[in-house]
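Working notes, beginning with the structure itself.
The values are calculated or read from the model by the stated rules, or taken from the named source; none is laboratory data. Small disclaimer: the values here were computed from a predicted structure and weren't measured. Positions of Cβ are backbone-derived with ideal geometry, glycine not excepted, and every protein chain shown enters the neighbour counts.
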Amino acid sequence: MATTLETSAVKKQTRTNAREFTEKLTTLRLPAGVKVGVLLIHGLTGMPNEMRAIAKALERIGCDVEVPMLAGHGETHIELLKTGWKDWVAGVRETLDQLCQRCDQVYVGGLSMGALMPVLLAVENPKVCGIISMSPTIKYDSVNSSNWGQIFLPLIDILPFLGRIFYWTEEPPYGLKDERLVKMITKELEQAKNSTGGGKGAASGFSQFRTYSGSLRQLQHLVRQVKKQAHQVRCPVLIMHSVEDTLTTVANPQIFYSWLTGCPDKEIIYLEGCDHVLPADLKKEEVAYNCAAFVCRVANTLVANKA
């Protein structure tokens, strides 16, 4: 009985939180006559639909939003392993260039691995006015992801075939506190695993929750580049991270923040009641509002400073 009551209380609080931030979203305003674009980047082995709630919120306040699929993603691990961090950045850079042609101001946000890429884009593109970093992942170091085998990842540079053999399979709760989503994902994975057809779709669905060591090594290469260039970032940066993240600890946003030595306007927002996949979890409305509020604040400040 106690568990049922606790679950009901959590659901009620979640609905209240969602309603509060959905209503607050309606109070936000972009500067008149300014075309604002936002590029959103999903995480490693992730998909663009992770960003649906944020994209909708930003579109609601008038932003032009792009959520591209990273190179090699959306199919099987075989396709993903043919790509690396340079391919992933190149793909989003192309989308950013298109967005810059249409918009006066552009912001770049991302989740997990995708939360690091905006640094590289902002350093090379002065039209990037702000960065939103959700669950920035420098290292998978939390309870559901910490693995002593990560120390051997550099061997892949010498013996590349190792990157195609060893992998980490993500287990429930998949970086989510939303029980409904966890059950749905578990069911889909079971169906993919037990599929007798062996079709590409089934393989793809199952592969999305396997992270091969080759891709993890590419993440390490990306992290190295971000660390090297982060001090050059001058635009405002918003970082969000859950204190209950089961994939990456709060050490990640703190380290990321410390790299931004040249950024005078930076903030970390710590969240509770949600897990790693912030844009899709129980606090997605709050996360979406924080993103929209950040864009509006910076956009209006830039216009005011030009006046």
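Quick look at the values:
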{"item": "Considering residues of the stretch 225-246 that are charged (D, E, K, R) and not in a helix (DSSP H, G or I) only, the residue surrounded by the most Cβ atoms within 10 Å (Cβ to Cβ)", "result": "245"}
{"item": "Residue check, residue 56 among the charged types (D, E, K, R) and either assigned to a loop (DSSP other than H, G, I, E, B) or under 28 Å from residue 262 (Cβ atoms) (or both)", "result": "no"}
{"item": "Residue tally, condition without any contact (Cβ under 8 Å) to a residue 60 or more places away in the chain and over 19 Å from residue 245 (Cβ atoms), over the stretch 164-173", "result": "2"}
{"item": "So residue 146, is it of a type in the set (Ser, Thr, Tyr) and without any contact (Cβ under 8 Å) to a residue 40 or more places away in the chain", "result": "yes"}
{"item": "Unique match (being modelled with pLDDT of 95 or more and crowded, with 16+ Cβ neighbours inside 10 Å) among 220, 208", "result": "220"}
{"item": "Check on residue 57, more than 20 Å from residue 119 (Cβ to Cβ) and crowded, with 18+ Cβ neighbours inside 10 Å", "result": "yes"}
{"item": "Residue match in the stretch 20-38 (condition: aliphatic (A, V, I, L, M), free of Cβ contacts under 8 Å to residues at least 12 places away in the same chain and over 27 Å from residue 212 (Cβ atoms))", "result": "yes"}
{"item": "Out of 54, 61, 41, sole residue that is farther than 23 Å from residue 276 by Cβ and in contact (Cβ under 8 Å) with a residue 12 or more places away in the chain", "result": "61"}
{"item": "Among (1) in a helix (DSSP H, G or I); (2) over 20 Å from residue 37 (Cβ atoms) - the single one residue 305 does not satisfy", "result": "(2)"}
{"item": "Residues of the stretch 137-169 that turn out to be touching a helix residue (DSSP H, G or I) at 6+ places or on another chain (Cβ under 8 Å), hydroxyl-bearing (Ser, Thr, Tyr) and under 20 Å from residue 256 (Cβ atoms), as a count", "result": "2"}
{"item": "Of all residues in the stretch 74-104 being of a type in the set (Val, Ile, Thr) and at pLDDT below 95, the one that is surrounded by the most Cβ atoms within 10 Å (Cβ to Cβ)", "result": "76"}
{"item": "Top-ranked residue of the stretch 113-133 - restricted to ones that are in contact with a Pro (Cβ under 8 Å, 6 or more places away or on another chain) and either assigned to a strand (DSSP E or B) or not aliphatic (A, V, I, L, M) (or both), ranked as surrounded by the fewest Cβ atoms within 10 Å (Cβ to Cβ)", "result": "129"}
{"item": "Check on residue 176, under 30 Å from residue 272 (Cβ atoms), assigned to a helix (DSSP H, G or I) and in contact (Cβ under 8 Å) with a residue 40 or more places away in the chain", "result": "no"}
{"item": "Test set (1) closer than 25 Å to residue 52 by Cβ; (2) of a type in the set (Ser, Thr, Tyr); (3) at pLDDT below 90 - residue 133 fails condition number", "result": "(3)"}
{"item": "Search result, residues across the stretch 54-82 that are closer than 26 Å to residue 20 by Cα and touching an Asp or Glu at 6+ places or on another chain (Cβ under 7 Å)", "result": "65"}
{"item": "Test for residue 74: is it on the phi > 0 side of the Ramachandran plot and in contact (Cβ under 8 Å) with a residue 60 or more places away in the chain", "result": "yes"}
{"item": "Output for the stretch 21-47, where each listed residue is surrounded by 13 or more Cβ atoms within 10 Å (Cβ to Cβ) and in a helix (DSSP H, G or I)", "result": "21, 22, 24, 25"}
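A quick yes/no check of all residues on (1) surrounded by fewer than 18 Cβ atoms within 10 Å (Cβ to Cβ); (2) closer than 22 Å to residue 240 by Cα:
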residue: 72; (1), (2): no, no
residue: 111; (1), (2): no, yes
residue: 135; (1), (2): no, yes
residue: 162; (1), (2): yes, no
